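**Student:** I'd like to ask some things about the structure below.
Each value in this text was obtained by applying a stated rule to the coordinates, not by laboratory testing. Remember, predicted model here, so these are calculated numbers, not experimental data. Neighbour counts are summed over all protein chains in view; Cβ atoms, including those assigned to glycine, are modelled from backbone coordinates with ideal geometry.
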Amino acid sequence: QFHYNCNFSMIFLPEKLYEKLLVRAKKNPEEIKLSMEYYKRQLKAITKNLEVHIIKEIFFAESMENLLNHQYLYLYSYQGIEKVKLEIPEIIAFIENAISFFKKYKNFQLAVIYADNTQFKKYCECNFILKERQGIYFNILKPTAHASEIRFSINEPIFLRVFKDYFLDLWTQICPINKDSEETISWLEGKLEILKMKNNCHSERSEESLSF
């Protein structure tokens, strides 16, 4: 299975945080129910698949920078995509959960790239999941104040074989250090430390303001 993401995958969101963000995005109870069921199915399918197969994911580092610097996330739900604001403790929980996921599932291989990389720049708004012998599922995101998207899928066998070869060719073009699991975990842990310091400073400022 192969993933190409311009955003950090929703499967790294803790379940309770995902539900909390759906409420923040003003989803109604039925929409939340459908989204939670979809989230659980996706997580269960991926973790089961990782027991015997390797999943490769290419991920744009800019979405992490947006999360850290602007505290927003493009939230995937059953109905589509919403742009939501996160609090610093929520981002910390998100990244901690992702680190735990990578440490637990060694078959999940993540390559971190930057959108200014010439061979990837033109794909920075594209997400896709390629499931061999099943289909390829595209999601093209246009980042705006209100996220817009185009969704479609293809299950033609010849196209799937060609696209698999194309993905693997992209994978080989990525610098080895950018797809090394230990390096990825260290990169995320570095971001986590920055966030924790930022959160501590914010807490201290809040306490000082309350003392006046």
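**Student:** Karplus couplings for region 105-112 from phi (6.51 cos²θ - 1.76 cosθ + 1.60, θ = phi - 60°), rounded to Hz, Gly and Pro as x?
**Tutor:** 10, 5, 7, 8, 10, 10, 9, 9
**Student:** How much net charge surrounds GLN71 when only the other residues with a Cβ under 15 Å from the Cβ of GLN71 are counted, with Lys and Arg +1 and Asp and Glu -1?
**Tutor:** Result for the local shell: +2.
**Student:** Please list 17-27, 174-184 highest first by mean number of surrounding beta-carbon atoms within 10 Å per residue.
**Tutor:** In descending order of packing, they fall as 17-27, 174-184.
**Student:** Quickly rank 40-52, 69-81 as a protection proxy: mean count of other C-beta atoms within 10 Å, highest first.
**Tutor:** 69-81, 40-52
**Student:** Please identify every one of the GluC sites (Glu not before Pro) in region 71-113 that sits in a loop by DSSP and has no more than 13 other beta carbons within 10 Å of its own beta carbon.
**Tutor:** Within region 71-113, the qualifying GluC sites (Glu not before Pro) (loop, at most 13 other Cβ atoms within 10 Å) are GLU87.
**Student:** Another one. What's the percent breakdown of Cα-Cα distances in region 27-103 across 10 Å bins, shortest bin first?
**Tutor:** The distribution over region 27-103 is 15, 39, 40, 6, given as percents.
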